[in-house]
Amino acid sequence: MELVIQPDAERAAWLVASLIAKALRQKPHLVLGLATGRTMERVYGYLVRMHREEGLDFSLCRTFNLDEYIGLRPDHPGSYRYYMDQNLFKHINIDPRNTFLPDGMAADLPAACRRYEETMLEFGGIDLQLLGIGADGHIGFNESLSALRSRTRDKALAPSTIAVNSTLFAHPGEMPKRAITMGVGTILDARTIILLVTGKSKADILAKAVEGPITSMVSASALQLHSKCRVVVDESAAAKLQAQDYYRWIYETESDWEEFRHPQPIQKVLPLTTG
Ligand code: GLP
């Protein structure tokens, strides 16, 4: 695991978008694992800008989202399909047939989950998985006690997750209480992972996830087992980390980060929304 501290959420999102763009330029057939949530909106904003201004090409890219609510039609504004269409897919040159999300409307959910895993494998598995973190340390919708080797499955959401995420629904009561999510084991199979965490409200859980013990109580702590996981955070989220000096030193001295170290000033893509 390698952790990078950026001055603010804007710069952190820009760095993550730049890392994704670099991977896509190196491998146009990239299989990209995508995440939703407020934190990702800026990342997608930058990717859209890179497509428009620099010709970043998504025509051969395949995407697999981490999760989807059960029982929401794809055109429901609360669904993750709708989120992805609005925030990314409709603004770039991706073939909609190459964008995959779990089927939360399937009559046979276990079969849909198995099919999702099979489709990922047919495309060669995930090259780069983008992740955010929930307030309780979940990745995807792997709530506390999710098995560290779990695969794609349907899952009951925690009351705390429902409380946080239902604010994104026009009618909070409409938020489903269950979702399909890639498992922790599915996520760990990705060849590379980028976890983006911003805002002071995430400082405690970030410290537990990256510097605490590996435990199914905090699904994100399983990322410590992955050999190619980068964690990009802003100053606010980094506030509770013990080894900040070390992380800063790595960023300043390791050659991998050189091209990102002294970027031009960036123009914000969205107003700040995270706390
Ligand atoms: C949801 C998603 C997660 C995401 C989390 C954090 O629960 N299933 O993939 O990481 O929200 O979202 P936010 O960025 O809004 O804090």
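Some values worked out for this structure:
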{"item": "Part-to-part distance (alpha-carbon centres) for the stretch 1-52 and the stretch 153-192, which is given in Å", "result": "21"}
{"item": "Surface accessible to a 1.4 Å probe, Trp249 within the full protein complex, Å²", "result": "150"}
{"item": "Cβ-placed point charges (K, R +1; D, E -1), dipole of the stretch 75-138 about Cα centre in debye, nearest 20", "result": "140"}
{"item": "Only Lys, Arg (+1) and Asp, Glu (-1) charged, at Cβ; the chain dipole about Cα centre in debye", "result": "300"}
{"item": "Ile126 accessible area, 1.4 Å probe, all protein chains in place, Å² to nearest 10", "result": "10"}
{"item": "Heavy-atom accessible area order for Arg49, Arg115, Arg248, Arg42, largest first, 1.4 Å probe", "result": "Arg115, Arg248, Arg49, Arg42"}
{"item": "Per-selection Kirkwood Rh - the stretch 1-150 (Cα, Å, 1 d.p.)", "result": "16.2"}
{"item": "Sum of side-chain charges, Ser144 neighbourhood, beta-carbon under 15 Å (Lys, Arg +1; Asp, Glu -1)", "result": "-1"}
{"item": "Ratio of Rg to Rh over the chain (Cα coordinates, Kirkwood Rh, two decimals)", "result": "0.93"}
{"item": "Accessible-area ranking of Lys200, Lys240, largest first, probe 1.4 Å", "result": "Lys200, Lys240"}
{"item": "Nearest-10 value in Å² for the accessible area of Glu54, using the 1.4 Å probe", "result": "110"}
{"item": "Cross-link reach list, lysines versus Lys200, counting only Cα pairs under 20 Å and skipping chain neighbours closer than eight places", "result": "Lys208, Lys240, Lys268"}
{"item": "Two-site label geometry, Thr119 and Lys27: point separation in nm, points 7 Å out along Cα→Cβ", "result": "2.0"}
{"item": "Fluctuation leader among Glu174, Glu68, Glu235 - the chain, Gaussian network, Cα springs under 10 angstrom", "result": "Glu174"}
{"item": "Amide N of the stretch 87-101 lying under 13 Å from the label point, which is placed 7 angstrom from the Cα of Arg191 along Cα→Cβ", "result": "none"}
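The values are calculated or read from the model by the stated rules, or taken from the named source; none is laboratory data. Fair warning: this is a prediction, and the values are worked out from it, not measured in the lab. Cβ: placed from backbone, ideal geometry, glycine included. Neighbour counts: every protein chain shown. With ligands, DNA and RNA removed, areas are computed over all heavy atoms of the protein, side chains included. Shrake-Rupley method; radii C 1.70, N 1.55, O 1.52, S 1.80 Å.
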